[in-house]
Amino acid sequence: MLCHAMNSSMFRTNRRALLRVLTLVGLVSVLFLTVELEAAPGGKTEVLPVQKAAPAAVVIETTGSEAELRRQLREKTGVTELHAGTMRFSEAPTGSFGFIPPPALGLVLVTQSPDLALERVASVPNAYEIHKLADGSGLLVGFIEKKMASQIAPKERPKTLRLFLHSSSSDEAPLIAAVPLEKLMADQMPRRRDSGKRDGPVVLEMDLQSTMTRKGPISQ
């Protein structure tokens, strides 16, 4: 009887010890996996397949030359130039930017495509700029009217806004802005501001949703 009680006590003790060891091994494995992911060289090209909030819109509420405004915005979003000629958004390193021609961008937004092709150097003068942020989400860059700045900047917008995003700076649209791709819904292609200029400035009319309602071009 005494031996049976002692054996039962030892079994419970060994079981608790085994459970503690297994828990410790699990925690160490997670720690090593986290360190390995963070230390991967060359920048991450994929993000974990989890649902995350879309980034807030970014607006530079000053005027200036288009080149300077683009530089300020890239600095604010923390992106640098792509290292390759052309690549899919899902394959591009996080923290980088590239360009997309208006027709290709229009097709992506109208057809709700989950991915898009980025160019390191814009192939046309009226190309739109795309930023891939550190978390893998995307921002579409363009120029807006001054009155739109206060409406798109808040992270929590109470309603959907009709947005006119110009490919280039002008007196009509002097402020540069970056809006989350995941919140954009377009029902038409970009249109030329001057029908006589094939590669002239274009404007894209679309809805900026208050919530994420589409599958954005993020890594799948």
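Just so you know, all these numbers are worked out from the coordinates, no wet-lab data involved. Fair warning: this is a prediction, and the values are worked out from it, not measured in the lab. Here the Cβ is made from the backbone with ideal geometry for all residues, glycine too, and neighbour counts use every protein chain on show.
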For a protection proxy built on the mean count of beta-carbon atoms within 10 angstrom, sort 56-64, 177-185 highest first, please. 177-185, 56-64
Please give the contour-minus-distance gain from THR62 to THR80: 0.36 nm per residue of separation, less the Cα-Cα distance, rounded to one decimal in nm. 4.3 nm
Mind checking the full-extension length gain between GLN72 and ASP171? Use 0.36 nm per residue of separation minus the Cα-Cα distance, one decimal, nm. 33.7 nm
Tell me which aspartates and glutamates have Cα within less than 19 Å of LYS132's Cα, excluding those fewer than 8 residues away on the same chain? GLU38, GLU46, GLU75, GLU81, GLU91, ASP115, GLU119, GLU182
What trypsin sites (Lys or Arg not before Pro) in region 49-135 are in a loop by DSSP, with at most 15 other Cβ atoms within 10 Å of the Cβ? LYS52
Of the chymotrypsin sites (Phe, Trp or Tyr not before Pro) in region 91-166, which ones lie in a loop per DSSP and count no more than 10 other C-beta atoms within 10 Å? none
If the cut-off is a Cα-Cα distance under 14 Å, which aspartates and glutamates reach LYS159, setting aside same-chain residues fewer than 8 apart in sequence? ASP207
Rounded to the angstrom and largest first, Cα extents along the principal axes for region 58-208 equal 37, 36, 32
